[in-house]
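Colleague: Dropping a structure here in structure tokens format, bear with me for questions.
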Amino acid sequence: MIDFRMLKSGIALFIGEYENIDVLFNELNDKLESVKNFFQPGDKIMLKVENFKEKISDLPKIIDKLESYGLKVTSILTEYYEEKQTLVKIKEKSEDSIETIVLLRNLRSGQKIHHSGHIILVGDVHSGSEIIAGGTVVVFGNCFGIVRAGMKKNESYVLTLGLKSSLIQIGEVKQILSKSYDSPVFAYAKGGKIFIEEFVKKAE
């Protein structure tokens, strides 16, 4: 099922379960053609894909497809999304905001990403690699490498689908991790300590 919905925070494209990417693109082409008079080139939308963790490798292709129709994906929503809280929103430049970059790649051993603003990475962060961000770090994949967030902006955090890093840093607070997390985690610094909240799906 593919459907555009109007939320308080903007228009979102909801993609339900699908058999494969080719089947999805056929349905997506039909949907986008039916609403092409509604959107203008450069219009911004949010994206939510059901069971996105299983479809993580399809996200870059879906974003590219939407961009080919002139639509810009500014937010990716997960199953934990609530109407008042967008997981990641890419803000326009202003005096009170910093730039967000979105990278669709895996980060290999020996590679490093250094950005003064927020970083969204759609891919895995391999052991021996490092991310350094002035703001928040969001990884739509597993994180084995070192992550440093909040180098310039307070109240930054780290969100990843799986955290197996040896070291995590938020602001001036560093922590060596003795535990691995296979579920999505939200890490933040408070009172000189790093707290990690794990999102574990409750058994039905």
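The values are calculated or read from the model by the stated rules, or taken from the named source; none is laboratory data. None of the values given here were measured: they were computed from a predicted structure. Cβ coordinates were reconstructed from backbone atoms using ideal geometry, including for glycine residues, and neighbour counts include every protein chain displayed. What goes into the accessible areas is simple: the full protein's heavy atoms, side chains included, and nothing from ligands, DNA or RNA. Shrake-Rupley method; radii C 1.70, N 1.55, O 1.52, S 1.80 Å.
Colleague: Can residue 178 be described as open to solvent by 20 Å² or more (accessible area, probe 1.4 Å), more than 19 Å from the chain's Cα centre (by Cα) and under 26 Å from residue 57 (Cα atoms)?
Modeller: Working: open to solvent by 20 Å² or more (accessible area, probe 1.4 Å): yes; more than 19 Å from the chain's Cα centre (by Cα): yes; under 26 Å from residue 57 (Cα atoms): no.
Answer is no for this residue.
Colleague: Just give me the residues in the range 104-120 being part of a strand (DSSP E or B) and open to solvent by 60 Å² or more (accessible area, probe 1.4 Å), in sequence order. Even if it seems obvious, please write down each step before you answer.
Modeller: Here is the first cut: in the range 104-120, the residues part of a strand (DSSP E or B) are 107, 112-115, 118-120.
The answer is 112, 114.
Colleague: Here is a follow-up. Only one of 24, 59 is modelled with pLDDT of 75 or more, in contact with a Phe, Trp or Tyr (Cβ under 7 Å, 6 or more places away or on another chain) and either in a loop (DSSP other than H, G, I, E, B) or within 15 Å of residue 140 (Cβ to Cβ) (or both); which? Reasoning before the result, please.
Modeller: Numbers: 24 fails: either in a loop (DSSP other than H, G, I, E, B) or within 15 Å of residue 140 (Cβ to Cβ) (or both).
Result of the check over 24, 59: 59.
Colleague: I'm trying to understand the selection: among the residues of the range 1-42, which are under 16 Å from residue 55 (Cα atoms) and hydroxyl-bearing (Ser, Thr, Tyr)? Walk me through how you get there before you give the answer.
Modeller: If we filter the range 1-42 for residues that are under 16 Å from residue 55 (Cα atoms), which is where we start, we get 1-2, 13-25, 28.
Matches in the range 1-42: 18 only.
Colleague: To continue, here is another question. Output the number of residues of the range 121-158 satisfying the condition of being of a type in the set (A, V, I, L, M, F, W, C), within 26 Å of residue 54 (Cα to Cα) and not in a strand (DSSP E or B).
Modeller: Going through the range 121-158 one residue at a time, the tally reaches 2.
Colleague: Any idea how many residues of the range 35-65 are within 29 Å of residue 199 (Cα to Cα) and buried (at least 16 other Cβ atoms within 10 Å of the Cβ)?
Modeller: Counting residues in the range 35-65 that are within 29 Å of residue 199 (Cα to Cα) and buried (at least 16 other Cβ atoms within 10 Å of the Cβ) gives 13.
Colleague: Ok, one more. Starting from the range 173-189, keep only residues that are without any contact (Cβ under 8 Å) to a residue 24 or more places away in the chain and over 13 Å from residue 143 (Cβ atoms), then list their pairs with residues that are in a loop (DSSP other than H, G, I, E, B) and not acidic (Asp, Glu) whose Cβ atoms are within a distance under 7 Å, requiring at least 6 positions of separation or different chains.
Modeller: 173/192; 176/166
Colleague: If you go through the range 184-197, how many residues are surrounded by 13 or more Cβ atoms within 10 Å (Cβ to Cβ) and either small (Gly, Ala, Ser) or assigned to a loop (DSSP other than H, G, I, E, B) (or both)?
Modeller: 3
Colleague: Within 20 Å of residue 60 (Cβ to Cβ) and either acidic (Asp, Glu) or open to solvent by 70 Å² or more (accessible area, probe 1.4 Å) (or both), is that true of residue 124?
Modeller: Working: within 20 Å of residue 60 (Cβ to Cβ): yes; either acidic (Asp, Glu) or open to solvent by 70 Å² or more (accessible area, probe 1.4 Å) (or both): yes.
So residue 124 passes the test.
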